[in-house]
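The next block holds one structure in the form of structure tokens; read it before the comments.
The values are calculated or read from the model by the stated rules, or taken from the named source; none is laboratory data. Please read all numbers here as calculations on a predicted model, not as lab measurements. Note that we place each Cβ from the backbone using ideal geometry, even for glycine, and neighbour counts take in every protein chain shown.
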Amino acid sequence: MVVMVAKPRVLILESPNAEDFYIDRLDGRAARDVLKLENTQVQYRVALDRQQLIRGVKEATDLQFDVLHLSCHGNDVGIQLSDMSDIDWLGLAALLDVFATPQRILVMSSCAGGSVDLTKALVKQNTIFGWVFGAAGDIGFTDSCLAWSILYRLIETLDGPCDATTAQRAVSAINALVEGNFLYRRWDTSLSRYLVYPKYPTA
């Protein structure tokens, strides 16, 4: 399944907590710097609350970015923003709907960002991305930085569009180096469902 051309345009939305911001523990900003080294078109925004998150998603939509990279804290039920407000998976799926198309990618840089419950919420809201990358478990700052560096590096060395083989290579390389049970979910139009790689017991 082909969903994007090489050198995708990436918008990174980061919603750090106060401690992360104070000590500059910002994996979204690190991802931005990696993408700049690859000469990728990238924009970085800090979304402190729900309204800024909505604004960022609208910007990604209006400017026709290919990838939305959401960096924040998360757990099994959803994400938390800088102002300590929580958004459950169903609410997040609804918020992302304006950006979602089968030609676009969602990168969830949060603990449990690869949760099957997020996928269920996306399908329930008919918020369909071609690809969703995330971790099934908890991830730390260093592991997150390494993971997305590997992902973007492999995707952007292609001569053509991203495909399942390249995505599998990227996720396998990530899991060989860092903890967190990273995975992707790929939308299969013929089956009308997401296919997951690799399959974990809770995936």
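What to note about this one:
- The conditions of being among the aromatic types (Phe, Trp, Tyr), in a loop (DSSP other than H, G, I, E, B) and at pLDDT 95 or above are met by PHE99.
Residue by residue, here is whether (1) of a type outside the set (Asp, Glu); (2) closer than 24 Å to ASP143 by Cα; (3) in contact with a Ser or Thr (Cβ under 9 Å, 6 or more places away or on another chain) holds:
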site	(1), (2), (3)
ASN39	yes, yes, no
SER71	yes, yes, yes
ASN75	yes, yes, yes
ALA94	yes, no, yes
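- Residue under evaluation LYS36, criteria (1) more than 25 Å from ARG185 (Cα to Cα); (2) modelled with pLDDT of 95 or more, criterion not met: (2)
- Residue in region 109-130 that is in contact with a Leu (Cβ under 8 Å, 6 or more places away or on another chain), at pLDDT below 95 and not in a loop (DSSP other than H, G, I, E, B) present: no
- Criterion applied to LEU70, LEU11 was being within 24 Å of VAL196 (Cβ to Cβ) and within 14 Å of the chain's Cα centre (by Cα), and the one residue passing it is LEU70.
- Scan of region 173-196 for residues that are among the polar types (S, T, N, Q) and loosely packed, with under 14 Cβ neighbours inside 10 Å, ordered by number: THR189, SER190, SER192
- Lone qualifier among SER85, SER71 - being surrounded by 15 or more Cβ atoms within 10 Å (Cβ to Cβ) and either polar (S, T, N, Q) or more than 20 Å from PHE133 (Cα to Cα) (or both): SER71
- So LYS58, is it farther than 27 Å from VAL116 by Cα and either assigned to a strand (DSSP E or B) or touching a residue at least 40 places away in the same chain (Cβ under 8 Å) (or both): no
- Tally of residues being of a type in the set (A, V, I, L, M, F, W, C) and touching a strand residue (DSSP E or B) at 6+ places or on another chain (Cβ under 8 Å) across region 171-203: 8
- Residue match in region 23-30 (condition: touching a residue at least 12 places away in the same chain (Cβ under 8 Å), more than 18 Å from ILE139 (Cα to Cα), in contact with a strand residue (DSSP E or B) (Cβ under 9 Å, 6 or more places away or on another chain) and not hydrophobic (A, V, I, L, M, F, W, C)): no
- Meets criteria (more than 14 Å from the chain's Cα centre (by Cα) and closer than 20 Å to PHE182 by Cα) for ALA121: yes
- Of residues in region 39-49 being surrounded by fewer than 18 Cβ atoms within 10 Å (Cβ to Cβ) and modelled with pLDDT under 95, the one nearest to MET84 (Cα to Cα): GLN41
- Test result for ARG29, out of contact with any helix residue (DSSP H, G or I) (no Cβ under 6 Å at 6 or more places or on another chain) and surrounded by fewer than 21 Cβ atoms within 10 Å (Cβ to Cβ): yes
- Residues located in region 7-38, provided they are in contact with a Cys (Cβ under 7 Å, 6 or more places away or on another chain) and among the aliphatic types (A, V, I, L, M): ALA30
- Output for region 1-24, where each listed residue is touching a Pro at 6+ places or on another chain (Cβ under 7 Å) and at pLDDT 95 or above: none
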